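Enquirer: Supplied in structure tokens, the structure appears directly below.
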Amino acid sequence: MENPIEHLDLGLVNFTKHPSNPDYVVYRFTNEEKANSFRRELEEQKIAFEEDTEDKKQVSYTLFAVHKKFYKQTMRMNFKVEGKHKKPLIPFFTLRWFVLLFGLSILLLSILSYYKHMEHLNEKTEQIK
């Protein structure tokens, strides 16, 4: 019996083994811009691929099947495409800088507090001796 967990797809990554041919890896994109960027990358690197579309649960996927000998190369391209189209976690520039400076100030205060507390402990240790 086949392992059912092997085919469980939680959507955390956008690639999987080909369902019928283990020599291929399938990359899937829901965003048309990402799919076009990935297609361009594949064509620029002259990597042979097969393309298809699939409709599943009200979502249309663009699928690219690539031979597994190009796995490392296509994974780099996949990360490049994902990075190019990634939105920042904190969209507002000033809020990003505020969060960064706030975090750094908390870190600085905790370091200063640590050294201040160590001086206090050293004084108490000297008094006990």
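Each value in this text was obtained by applying a stated rule to the coordinates, not by laboratory testing. These numbers were taken from a predicted model, which means no experiment stands behind them. Don't worry about glycine lacking a Cβ; one is built from the backbone with ideal geometry, like all the others, and counts go over all protein chains shown.
Enquirer: Return the sequence-ordered ³J(HN,Hα) values of segment 77-92 in whole Hz as given by the Karplus equation 6.51 cos²θ - 1.76 cosθ + 1.60 applied to θ = phi - 60°, using x for Gly and Pro.
Expert: 5, 4, 5, 4, 5, 4, x, 5, 9, 7, 8, x, 4, 10, x, 8
Enquirer: May I ask you to order 61-71, 117-127, 17-27 by the average number of other C-beta atoms within 10 Å around their residues, highest value first?
Expert: Packing order, densest peptide first, comes out as 61-71, 17-27, 117-127.
Enquirer: Suppose R0 equals 25 Å; then what is the FRET efficiency for Tyr61 and Phe93 from their Cβ-Cβ distance, rounded to the nearest 0.05?
Expert: Working: r = 34 Å, r/R0 = 1.34.
According to the calculation, E is roughly 0.15.
Enquirer: Where nothing but the Cβ of Lys and Arg (+1) and of Asp and Glu (-1) is charged, how large is the charge dipole of the chain around its Cα centre, in debye to the nearest 20?
Expert: Values: 20 positive and 18 negative charges, 98 e Å.
That gives the chain a dipole magnitude of about 460 debye.
Enquirer: Can you give the helix-only mean residue ellipticity at 222 nm for the chain, where every DSSP H stretch with n ≥ 4 adds -39500 (n - 2.57) and the sum goes over all residues, rounded to the nearest 500 deg cm²/dmol? Don't skip to the end; give the middle numbers.
Expert: Working: 3 runs with 63 residues, N = 129.
The helix-only estimate for the chain comes to -17000 deg cm²/dmol at 222 nm.
Enquirer: Straight-line reach from Lys87: which lysines fall under 29 Å, measuring Cα to Cα and dropping same-chain residues less than 8 apart?
Expert: Partners within reach: Lys17, Lys34, Lys46, Lys56, Lys57, Lys72.
Enquirer: Quick one: if you stick a label point 7 Å off each Cα along the C-beta vector at Lys116 and Asp23, how many nm between them?
Expert: Placing both labels 7 Å beyond Cα along the Cβ direction yields 6.9 nm.
Enquirer: With unit charges on the beta carbon (Lys/Arg positive, Asp/Glu negative), name the residue among Gln73, Phe98, Ile47 whose Cα is farthest towards the positive pole of the charge dipole of the chain.
Expert: After comparing all options, I get Phe98.
Enquirer: For Cα pairs less than 8 Å apart in space and 6+ apart in sequence, what is the mean separation divided by the residue count of the chain, i.e. the relative contact order in percent?
Expert: It rounds to 19 percent for the chain.
Enquirer: Another question about this same structure. Mind pulling up the Rg/Rh value for the chain? Radius of gyration and Kirkwood radius, both on Cα.
Expert: Working: Rg = 25.4 Å, Rh = 19.2 Å.
Rounded to two decimals, Rg/Rh equals 1.32.
Enquirer: In nm, to one decimal, how far is the modelled label at Phe15 from the one at Lys69, with both set 7 Å along Cα→Cβ?
Expert: 1.7
Enquirer: Does segment 90-129 classify as rounded, prolate or oblate by the C-alpha gyration tensor (a ≥ b ≥ c root eigenvalues; a/c under 1.5 gives rounded; else a/b over b/c gives prolate, otherwise oblate)?
Expert: Working: a/c = 10.41, a/b = 8.21, b/c = 1.27.
Because a/c hits 1.5 or more and a/b exceeds b/c, segment 90-129 counts as prolate.
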